[in-house]
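For reference, the structure discussed in these notes is given below.
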Amino acid sequence: MKFSIIVPVYNERATVRALLDQVLAVELPGVEKEIVIVEGNSTDGTRQIVKEYEGKPGVRAIYEEAPRGKGAAVRAGLAAITGDVVLIQDGDLEYSTKDYPAVLEPIQAGRAEIVFGSRVRTSTQHWQFRRYAGFERFYGFFVNLGGVLFTTLFNVLYGTSLSDGATMFKLFRAGDLRKITLRSDGFDYDWEISGKLVRLGRRIEEVPVVYKARSRAEGKKIRFWRDGTRVAIAIVRYRFSD
């Protein structure tokens, strides 16, 4: 099996080097790794760090002329991969590369075509896994609540029983992704992929994963009202049309 890891990065200077080192260090017996970094023309020096990884075994870098959104970056990465399965790895260290074997196993065993890394299943606080101090705790509450509401909406419309549809740690078969046309440029891309593949009859299995939430001060880019509105529209839209 060839495992493609797309790493979209934009203004992640504080974490991108550590993340890429972790991805390169992961050993997966019998699995070949391919890392495709999509750099969004950062303004904080991230691009210079990414260039340090050019030429390393299995690494390819794509440089955008301007940031176009995470969905657009993922599409650029998907056009470049050559693997059998693909995972989108955020460059912010919220998700652990140590969970790669866990998310690969259901596909390797033939039980599913899609694997979601569920944060809910490992959190002692259940759905409230983002806990911040001060005024930012309100931001954390609404983002947590949004994940619950969007997961519920997705389950109702698509007939699934997910615990964490909002997770960004998802593994897909590359061949399945080639059968759909992706249109979303922002964070709604994640729900577009899920919805379109569920409509094709692909099976989802959830596995528990480790999650370490970062705050807006640490670079969190999700904006509840802006991105939440796009996500809600995408969930409904792609249930009934392309």
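Quickly run through segment 28-68 and pick out the residues that are under 26 Å from Leu104 (Cβ atoms), within 19 Å of the chain's Cα centre (by Cα) and open to solvent by 70 Å² or more (accessible area, probe 1.4 Å).
If the condition is that a residue be under 26 Å from Leu104 (Cβ atoms), within 19 Å of the chain's Cα centre (by Cα) and open to solvent by 70 Å² or more (accessible area, probe 1.4 Å), then Arg60 is the only one that fits.
When you look at Val198, is it open to solvent by 10 Å² or more (accessible area, probe 1.4 Å) and within 16 Å of Asp90 (Cβ to Cβ), yes or no? So that I can check it myself, show each step before the final result.
Working: open to solvent by 10 Å² or more (accessible area, probe 1.4 Å): yes; within 16 Å of Asp90 (Cβ to Cβ): no.
Spelling it out, it is not the case that Val198 is open to solvent by 10 Å² or more (accessible area, probe 1.4 Å) and within 16 Å of Asp90 (Cβ to Cβ).
Take segment 107-166 and flag every residue that is assigned to a loop (DSSP other than H, G, I, E, B), hydroxyl-bearing (Ser, Thr, Tyr) and modelled with pLDDT of 80 or more. Don't jump to the end; show me each part of the working.
To start, the set of residues in segment 107-166 that are assigned to a loop (DSSP other than H, G, I, E, B) comprises 109-113, 119-135, 159-166.
Checking the rest, the ones that are also hydroxyl-bearing (Ser, Thr, Tyr) come to 122-124, 132, 160-161, 163.
If the condition is that a residue be assigned to a loop (DSSP other than H, G, I, E, B), hydroxyl-bearing (Ser, Thr, Tyr) and modelled with pLDDT of 80 or more, then Thr160, Ser161, Ser163 are the ones that fit.
Going by the structure shown, is Tyr100 open to solvent by less than 40 Å² (accessible area, probe 1.4 Å), in a loop (DSSP other than H, G, I, E, B) and of a type in the set (Phe, Trp, Tyr)?
Values: open to solvent by less than 40 Å² (accessible area, probe 1.4 Å): yes; in a loop (DSSP other than H, G, I, E, B): no; of a type in the set (Phe, Trp, Tyr): yes.
No, not satisfied.
What number goes with the only condition from (1) at pLDDT 95 or above; (2) in contact with a strand residue (DSSP E or B) (Cβ under 7 Å, 6 or more places away or on another chain) that Asp176 does not pass?
Single failed check for Asp176: (2).
Need pairs with beta-carbon distance below 8 Å; first residue open to solvent by 50 Å² or more (accessible area, probe 1.4 Å) and within segment 146-168, second assigned to a loop (DSSP other than H, G, I, E, B); sequence gap 6+ or separate chains.
From residues that are open to solvent by 50 Å² or more (accessible area, probe 1.4 Å), the pairs are Val148/Trp127.
Out of curiosity, is Val7 at negative phi, buried (at least 18 other Cβ atoms within 10 Å of the Cβ), modelled with pLDDT of 95 or more and not in a helix (DSSP H, G or I)?
In short, yes.
List pairs: first in segment 45-61 and within 13 Å of Val23 (Cα to Cα) and part of a loop (DSSP other than H, G, I, E, B), second of a type in the set (D, E, K, R) and open to solvent by 30 Å² or more (accessible area, probe 1.4 Å), Cβ under 8 Å, 6+ apart or cross-chain?
From segment 45-61, the pairs are Gly58/Glu32; Gly58/Lys33.
For segment 14-27, give me each residue that is within 16 Å of Val103 (Cβ to Cβ) and open to solvent by less than 20 Å² (accessible area, probe 1.4 Å). Talk me through it step by step, then tell me what you get.
Residues of segment 14-27 within 16 Å of Val103 (Cβ to Cβ): 22-23, 26-27.
Once the filter is applied, which keeps residues that are within 16 Å of Val103 (Cβ to Cβ) and open to solvent by less than 20 Å² (accessible area, probe 1.4 Å), segment 14-27 yields only Val23.
Out of segment 167-213, which residues are over 13 Å from the mean Cα position of the chain (by Cα) and assigned to a helix (DSSP H, G or I)?
Hits for segment 167-213 are Ala174, Gly175, Asp176, Leu177, Gly195, Lys196, Leu197, Val198, Arg199.
Output yes when any residue across segment 78-86 is touching a residue at least 60 places away in the same chain (Cβ under 8 Å), crowded, with 16+ Cβ neighbours inside 10 Å and assigned to a strand (DSSP E or B), and no when none is.
yes
With the requirement that a residue be touching a helix residue (DSSP H, G or I) at 6+ places or on another chain (Cβ under 6 Å) and open to solvent by 20 Å² or more (accessible area, probe 1.4 Å), what does segment 169-183 give you?
Within segment 169-183, Ile180, Leu182 qualify.
Can you give me the number of residues within segment 33-58 that are over 18 Å from Ile88 (Cβ atoms) and not small (Gly, Ala, Ser)?
Of the residues in that region, 11 qualify.
Can you work out which of the residues in segment 201-214 that are of a type outside the set (A, V, I, L, M, F, W, C) and either without any contact (Cβ under 8 Å) to a residue 24 or more places away in the chain or open to solvent by less than 30 Å² (accessible area, probe 1.4 Å) (or both) is nearest to Asn144 (Cα to Cα)?
First pass over segment 201-214, keeping only residues of a type outside the set (A, V, I, L, M, F, W, C): 201-203, 205-206, 208, 211-212, 214.
Checking the rest, the ones that are also either without any contact (Cβ under 8 Å) to a residue 24 or more places away in the chain or open to solvent by less than 30 Å² (accessible area, probe 1.4 Å) (or both) come to 201, 206, 214.
Details: Gly201: 28, Glu206: 18, Arg214: 13 Å.
Filtering segment 201-214 for residues that are of a type outside the set (A, V, I, L, M, F, W, C) and either without any contact (Cβ under 8 Å) to a residue 24 or more places away in the chain or open to solvent by less than 30 Å² (accessible area, probe 1.4 Å) (or both), the one nearest to Asn144 (Cα to Cα) comes out as Arg214.
The values are calculated or read from the model by the stated rules, or taken from the named source; none is laboratory data. Everything numeric here is computed off the predicted structure, so don't read it as measured data. All Cβ positions, glycine included, derive from the backbone under ideal geometry; neighbour counts span all protein chains shown. Surface accessibility is based on the protein's heavy atoms, side chains included, excluding ligands, DNA and RNA. Shrake-Rupley method; radii C 1.70, N 1.55, O 1.52, S 1.80 Å.
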